[in-house]
Structure formats: structure tokens, C-alpha cells
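The values are calculated or read from the model by the stated rules, or taken from the named source; none is laboratory data. Note that the structure is a prediction, hence the values are computed from the model and not measured. Counting neighbours? That spans all protein chains shown, and the Cβs are built from the backbone with ideal geometry, glycine included. Calculation scope for accessible area: heavy atoms of the full protein, side chains included, ligands and nucleic acids excluded. Shrake-Rupley method; radii C 1.70, N 1.55, O 1.52, S 1.80 Å.
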Amino acid sequence: IGVYGASETGKTTLDQQFTTRGEIRFLGDDDRTHHGQNWRGNLKMPEPTRKRIKSKGMRKTIVSRDLGGHEEYHNMWLRDMIQRKVTTVIVVIDNRHMVDTKNTRNQVALGYLVDSLAKNKRPKGLSIRAWLRAKKYAPKRVIVLANKADEWMSDEDYSGWERGFIGRHKIFDVFREDLYRLQKMHIPVILDAISARYGWNIEDSVLKGMEL
């Protein structure tokens, strides 16, 4: 799997939950994920790590990297997807665009991935084999997880989630056009809500999405 999204949406917290379940302490600015450069000037990729997740009797080993969310790292997301032949792309968002309509970082992050897939963009730093493979690359599915549900989800929202209607929530409205574009590319899209910090619906949402 590949886990991507804007900075501070909770990707690192989610990665920690996959590794060790439990309440995660609040991560501050000093805990943000950053990447240095190698001698060729390319950003250095962290090593992928394996995690074992389970839900309702199902168990699966997933492999992912903890990548930064700042815009200068967007190219790394695409490189990671192509190099590892990622089949499940997870995009983590939060509710910042509902709190401040001028904050479009969530939309920029998802838009970058959708544009890149639509145009078969080839990022810098690929090996020759990956460069050739990039032309036909596409993930099998995209899962969009609305994180920090403990902050934005009301009782009414929770009732809608229980009935399977979370995709209708207004937190996803600003992404509709990009989601339609993915479907037009024959890439299934799954929408769900989680609380990475408190471990709510983490493994269930991922394993359920991976069944498609």
C-alpha cells in the first residue's frame, strides 16, 4: 500500500497505529516527516516496513513507507507508487478545508495524484525499469480516509457511517470532481472515516477497501 496526503493529516500517526495499536500522543511540528537528499540531489526514500493488520478474522501483511506531506515531497509519492508497484493507494485527509475554506492543501494533495495518474506522469529518480513501467502504471484502488473523526464527526454523522452513507458527508464534497476522474479511469474509489490517533476504524477501513 501507499499512504499519502497533505502534511499534518495524520499519516505518521496512522503508520504508528499499523505498527503498534494504542492511543498515539499528539505529534507537533518537530515530529513532522522530512527527507534529505542523496549525492545526486534526489530526495532519499525511507525504507518500507511491514505491518500485520487484522479485522473480523481477516489478517493481512501490508508494506508501506512513511512519506512527508509537504508539496516538495509530492514527487516522492509518485515515485514510491511506481517503484513498489503499489496496488492500494490510501489518501489521508482531515477537515481543515471545512474549518478554513482558503486552506486547500487536502485538495492539492489529492489533485496532484489524480493529475499524475491521468497524465501517466513519470517522476524524477526512477530506475530505467520503473521508468518504462510507469507508462502503464495504475493502482487497483484508491481509499480516501477522512481522519480525525474524533474532532469532526457528530452523532448524526456516526449514524450515517453505520448505515454505510459516509461517502455522502460534506467533508468529501470538495473532492468530488477528482473522485469522478478516478472512476472514469476505471480506478475504484472507497471513502471512509477514521481516527488514527485513537485507533478507531483503522484496520477495518483498510481491509474492507482492499477487498474491492
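Listing for the model above:
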{"item": "2 or more residues more than 19 Å from Val91 (Cβ to Cβ) and either at pLDDT 80 or above or out of contact with any His (no Cβ under 6 Å at 6 or more places or on another chain) (or both): qualifying strands (runs of 3 or more DSSP E) within the range 1-68", "result": "49-55, 58-64"}
{"item": "Unmet criterion (only one of (1) in contact with a Phe, Trp or Tyr (Cβ under 9 Å, 6 or more places away or on another chain); (2) open to solvent by 60 Å² or more (accessible area, probe 1.4 Å); (3) at pLDDT below 95) for Pro123", "result": "(2)"}
{"item": "Residues (within 21 Å of Asp150 (Cα to Cα), out of contact with any helix residue (DSSP H, G or I) (no Cβ under 6 Å at 6 or more places or on another chain) and surrounded by 14 or more Cβ atoms within 10 Å (Cβ to Cβ)) located in the range 99-120", "result": "Arg105"}
{"item": "Near pairs, Cβ below 6 angstrom, 6+ apart or cross-chain, from the range 53-79 (without any contact (Cβ under 8 Å) to a residue 60 or more places away in the chain) to any residue that is in a helix (DSSP H, G or I)", "result": "His74/Tyr112; Leu78/Ser116"}
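Residues are listed down the side, and each one gets a yes or a no for (1) under 16 Å from Val3 (Cα atoms); (2) buried (at least 18 other Cβ atoms within 10 Å of the Cβ); (3) modelled with pLDDT under 95:
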| position | (1), (2), (3) |
| --- | --- |
| Lys136 | no, no, yes |
| Pro139 | yes, yes, no |
| Pro188 | no, no, no |
| Ile194 | yes, yes, no |
